[in-house]
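Written below as structure tokens is the structure these notes are about.
Derivation of every value follows stated rules applied to the coordinates shown; laboratory data play no part. Since the structure is predicted, the reported quantities are computational estimates derived from the model, not experimental observations. Ideal geometry is used to build each Cβ from the backbone, glycine not excepted, and the neighbour counts take in all protein chains shown.
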């Protein structure tokens, strides 16, 4: 490994031989994300002869046809496909033949490959078949193998606190919590993972990470795209369920949590839950909902949300949400956390902006042409990952004219290409590391916080596609004397 550069081999670890079962193995998620990430992981870390892959779906096709589907998916992702690996390691089972047949097939593959009963089940299935899938696995006994068993669950984790709790109860009927991996791919981004190192390995930041030094924190999850082909899901979900309850609150919890006792999965997740428990449920007065109308993005005219294919013409679903969170603990009392997420915004960016307090006495405020700005620490998660710190400098010449400058760190400039988020999470599943996965009580606390923002009959405020959201979001901050910071890419 070259010093300062990331290579997959440098992060290679030992894993147990096991069977990796993908429910929804013919679906879009499996083809576009999961299978390419799995193949990249297995090949780059030399796990190809350690893991057998079994695709499971409702389609009644043979192994060879499924292998062609996998091959096409890998080729579209830019991989040179090892056909020998496909032939010896990739299998398919249709659920049309029932879970008993699936159990028998699992046993056959394990016996032939000498896997020893270690199994990972990845549930890349729609919410409406999730319960039947979990119950089917439990009733035929495949969750009780001779080795370890792990189950990976894709969001959404319910649609409110009650359904999230029922989902947890269903999972716990057949799996222990240490077997459950609730996946949120945002948590695998290097910048998110590095938040712990940034805060707790650098006293210059941790000593400033308090209400005495920080004025406010902004978390922006902006997408310039629309809903694509997801109208059926999105029109029943909206921005609060789709982004705020999971991605945004996960970022929030890592930014604001207390130092863990140790850097272990359970200690880190303990502190995230403590932070969420100290956070008050959002007040309706601290919430703004929006819905995009027709506009122009990147030189292209786009239709409004209600004109998207599959969306009800009178839909009240929000495509944008902005809210204020308040944390009632010693570190953050009085510091507002502003969260916003939306579609068809000006650009695609996910960023945390930590706004520091201005000096208690400004030496330069009375000087002509001297405008001061607060220091801002920017944590950028996408489209490129990195950090930036803005600070004030004097412009050369007579008098005191200040100018804001930025110190930047970009991951790709230092480490080159970073690991894919799904690749990272799959590696953690295989090694049994739950640090980047969501625990049951996290799910329920997150739903508690956003519950007042769900299922409102109020019409969302319109905003044109290509803007930064509705005017009400600006007013939400203005009444506190704050303003949204435009992310700098």
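For the range 291-333 and the range 65-106, write down the distance between their C-alpha centroids in whole Å.
Computed from Cα coordinates, the inter-centre distance equals 38 Å.
Using Cβ contacts closer than 10 Å as the measure, can you line up 270, 83 from fewest to most?
83, 270
Can you tell me the order of 117-124, 450-457, 58-65 when each peptide is scored by its average per-residue count of other Cβ atoms within 10 angstrom, highest first?
Highest mean packing first, the order is 117-124, 450-457, 58-65.
At a 10 Å Cβ-Cβ cut-off, how would you order 53, 349, fewest neighbours first?
So the ranking, lowest neighbour count to highest, is 349, 53.
How many percent of the alpha carbon pairs in the range 8-154 exceed a separation of 23 Å?
Here the tail beyond 23 Å accounts for 31 percent of pairs.
What ranking do 17-24, 231-238 get when scored by the average of other Cβ atoms within 10 Å per residue, highest first?
Output ranking for 17-24, 231-238: 17-24, 231-238.
Could you line up 485, 275, 345 from fewest to most neighbouring Cβ atoms inside 10 Å?
485, 275, 345
What is the pair-distance distribution P(r) of the range 111-230, computed from all Cα-Cα distances in 5 Å bins starting at 0, with each bin given as a whole percent?
Binned Cα distances yield the sequence 2, 8, 13, 15, 13, 12, 12, 11, 8, 4, 2, 0, 0.
What is the Rg over Rh value, at two decimals, for the range 104-144, using alpha-carbon atoms and the Kirkwood definition of Rh?
With Rg and the Kirkwood Rh in hand, the quotient comes to 1.03.
So how far, in whole Å, is the C-alpha centre of the range 425-460 from the one of the range 115-138?
Result: 19 Å between the Cα centres.
Give me D for the range 246-332 in µm² s⁻¹, whole number, from Stokes-Einstein with Rh from the Kirkwood sum over alpha-carbon pairs, 4 °C and 1.567 mPa s.
In µm²/s, the coefficient rounds to 81.
Quick one: Cα centre-to-centre distance for the range 37-55 and the range 152-217, in angstrom?
Taking the Cα centre of each part, the range 37-55 and the range 152-217 sit 27 Å apart.
I need the P(r) histogram for the chain: all alpha carbon pairs, bin width 10 Å from 0 out to the longest distance, whole percents.
Once binned at 10 Å, the Cα pair distances of the chain give 4, 18, 27, 26, 17, 6, 2, 1, 0.
Just order 198-207, 381-390 by mean Cβ neighbour count inside 10 Å, highest at the front, would you?
381-390, 198-207
From the helices alone, meaning DSSP H stretches of at least four residues, give me the mean residue ellipticity at 222 nm for the chain, per-run term -39500 (n - 2.57), in deg cm²/dmol to the nearest 500.
-8500 deg cm²/dmol
Over the range 52-110, how many percent of alpha carbon pairs lie in each 5 Å bin up to the one with the longest distance?
Distribution as computed: 4, 19, 28, 23, 14, 8, 4, 0 percent.
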